[in-house]
1. Where nothing but the Cβ of Lys and Arg (+1) and of Asp and Glu (-1) is charged, how large is the charge dipole of chain B around its Cα centre, in debye to the nearest 20?
2. Which value, in Å to one decimal place, does the Kirkwood hydrodynamic radius take for segment B:189-230 when every pair of different Cα atoms is included?
3. Just order B:283-296, A:17-30 by mean Cβ neighbour count inside 10 Å, highest at the front, would you?
4. At a 10 Å Cβ-Cβ cut-off, how would you order A:LYS187, B:LYS70, fewest neighbours first?
5. Shortest first and in nm to one decimal, what separations exist between B:ASP12 and its copies in the other chains, measuring from label points 7 Å along the Cα-to-beta-carbon line?
6. By average Cβ neighbour count within 10 Å, what is the ranking of B:253-260, B:46-53 from highest down?
7. What is the antiparallel percent of DSSP beta bridges lying wholly in chain B, to the nearest 5?
8. Only Cα pairs within less than 10 Å get springs; with that Gaussian network setup on chain B, which residue of B:ALA141, B:ALA104, B:ALA81 has the largest fluctuation?
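Values in this text are rule-based calculations from the coordinates and carry no lab data. From a predicted model like this one, the values you see are computed outputs, not experimental measurements. All Cβ positions, glycine included, derive from the backbone under ideal geometry; neighbour counts span all protein chains shown.
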There are 2 protein chains.
Amino acid sequence: MVKIAVDMMGGDDAPEIVLEAVEKAVQDFEDLEIMLFGDESQCHIKHPRVSIHHTTEKITMEDEPVRAIKRKKDSSMVRMAEAVKNGEAGGCVSAGNTGALMSAGLFIVGRLKGVSRPALVVTLPTVSGKGVVFLDVGANADAKAEHLYQNALLGHIYAVNLRGIQNPKVALLNIGTEDQKGNSLTKKAFELMNQSQTFNFVGNIEAKSIMEDEADVIVTDGFTGNMILKNLEGIAKSVGKIVKKDLLSSFKNKLAALILKKDLQSIAKQLDYSEYGGSVLLGLDGIVVKAHGSSNAKAFYSAIKQAKIAVETQIVENMREKVGTLNE
Amino acid sequence: MVKIAVDMMGGDDAPEIVLEAVEKAVQDFEDLEIMLFGDESQCHIKHPRVSIHHTTEKITMEDEPVRAIKRKKDSSMVRMAEAVKNGEAGGCVSAGNTGALMSAGLFIVGRLKGVSRPALVVTLPTVSGKGVVFLDVGANADAKAEHLYQNALLGHIYAVNLRGIQNPKVALLNIGTEDQKGNSLTKKAFELMNQSQTFNFVGNIEAKSIMEDEADVIVTDGFTGNMILKNLEGIAKSVGKIVKKDLLSSFKNKLAALILKKDLQSIAKQLDYSEYGGSVLLGLDGIVVKAHGSSNAKAFYSAIKQAKIAVETQIVENMREKVGTLNE
């Protein structure tokens with residue numbers, strides 16, 4: 001039996017989409033137990049494997065992360081993280097305030113010994129449909145070369161455990177593919193990674209090749225990773241607007257677009273990284289999954305499933321073993 | 001009369017596309033003189049306003065930039081840059097090795113007094129079609145906050161002079177829109193820019209809003225800027241592959257796509273930043289324009305036109321005046 005703690009109150013469409021996702025998840029997985037944290041008056045679920053834990057406070061998107069975690073002790077997010085800390089749950093999922101969830105991970109769940117900075121990991125879409133593990137997308141905006149090295153190791157373990165890739169190709173995101181390219185940070189990180197015996201470092205990769213299936217894991221700092229992620233989001237949105245404005249202005253085109261509609265939607269879906277589940281905060285002493293703030297029930301369900309697999313494949317134990325041997 | 005020096009030998013399809021662009025440019029602009037540098041045996045142009053200056057060496061894409069500029073004294077790129085330095089030409093254009101051209105700008109044309117690091121600027125496409133000035137896209141990969149401040153000032157002058165925007169909105173690319181967001185670099189740069197009396201600083205902008213017409217100038221460091229630029233390039237290519245693979249697999253779709261073809265091409269063109277001309281190396285004591293390596297004649301022609309406008313609008317003189325007052 002795998003037990004996952006869920007924040008019922010986080011995200012744009014909570015608690016509705018959370019409850020819908022939880023109902024489907026306990027129905028699909030007979031070995032799954034859910035601990036729901038939130039306002040019990042809003043929870044209609046009655047299921048032997050779903051327990052409801054009433055909370056009185058809510059962390060909003062406007063809350064300052066660290067302060068919210070320290071002060072709102074009876075919020076759904078804090079209580080959910082405590083369930084992981086106490087060992088009552090193997091992992092947790094929230095679609096709430098990202099910064100607050102990272103703080104809850106750091107201050108409540110706690111870092112793994114040997115991990116100096118946790119990293120936020122997502123799976124980005126690729127041309128083949130296979131996807132690529134990409135980290136850090138925003139946990140650590142002022143990274144040092146040692147942090148990038150650690151991200152590489154965490155990404156390697158994530159790819160092996162959660163995505164079932166044997167000997168994943170780990171690449172460093174950089175401004176050129178040649179060994180000597182980069183800024184002072186990536187040059188130093190390249191040196192460190194190039195000496196690694198633990199993972200299969202394949203060298204630098206450029207931002208234009210992220211979706212080209214050249215690597216299984218792409219490592220960067222939290223500032224750059226966040227930029228790339230938001231750039232992907234933004235391009236999709238902006239191109240959508242241009243298409244609407246220019247392409248669909250004539251009747252003939254509207255007709256043609258109608259024929260293509262379903263396939264265009266399937267492509268848009270392929271480019272939507274939330275389809276691959278949530279982002280996972282790696283390097284903590286427990287599983288913390290962040291579902292996208294605008295998640296629908298399906299995306300939140302994927303995030304629960306992801307947390308479940310992470311618990312089952314013992315990713316935390318794997319990281320503890322491999323990272324614990326690094327110097328702090 | 002405006003005199004522009006042109007590197008005949010740089011770029012994937014040189015000298016053919018260069019010569020075609022030069023012929024069209026002198027035909028279209030009666031006040032334009034071109035100094036062509038390259039192998040005279042390959043030059044067929046006979047025109048009263050085109051002079052050919054024979055060179056015997058060529059800088060390739062594989063050459064190490066600084067070494068190439070220091071050693072290949074009779075290369076088309078070095079000789080072209082010298083023409084600007086000596087005041088024979090008002091500006092220069094090359095589609096050759098970007099790093100070498102930056103070195104030629106730095107070591108031959110020279111920095112403006114008060115500019116600590118030159119910046120490479122491009123105009124990125126936006127939803128409205130207006131475009132946004134974006135810098136630095138790779139001249140300075142290890143920027144300090146003072147360099148970002150200077151980029152803002154250079155970008156402001158570029159937008160006013162070359163794009164004719166009065167009081168352009170200058171934004172800082174960051175991982176959040178709130179004033180306090182960012183890494184240590186952007187936080188400090190925000191403080192500096194926020195105090196500026198010289199340009200209209202509108203605060204932080206996220207990577208997802210680059211194409212949304214929220215600013216006229218977006219400032220970042222050369223590492224991040226290069227990432228964003230290459231990410232844009234890469235997404236266009238990767239999405240193209242996905243469309244080909246998934247969309248065009250059925251006959252019905254092929255038919256619909258045929259109807260949309262011209263409009264789809266026009267959208268692809270809108271997303272292609274090389275349509276807006278080349279990238280310009282700002283902060284030098286002369287105009288240096290980099291045309292994309294894979295430029296066709298039309299793109300190279302745009303780059304020549306851009307250099308011409310830059311000379312006419314006295315952008316270097318403007319920068320000298322405004323930047324000269326900054327502390328070195």
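1. Charge dipole, chain B, about its Cα centre: 600 debye, nearest 20.
2. Averaging 1/r across every pair of different Cα atoms and inverting gives 11.6 Å.
3. Working: B:283-296: 23.7, A:17-30: 19.2.
The most tightly packed comes first, giving B:283-296, A:17-30.
4. B:LYS70, A:LYS187
5. Computed spacing set for this position: 3.8 nm.
6. The packing order, highest mean first, is B:253-260, B:46-53.
7. Numbers: 12 of 42 bridges.
Here the share of antiparallel DSSP bridges comes out near 30 percent.
8. B:ALA141
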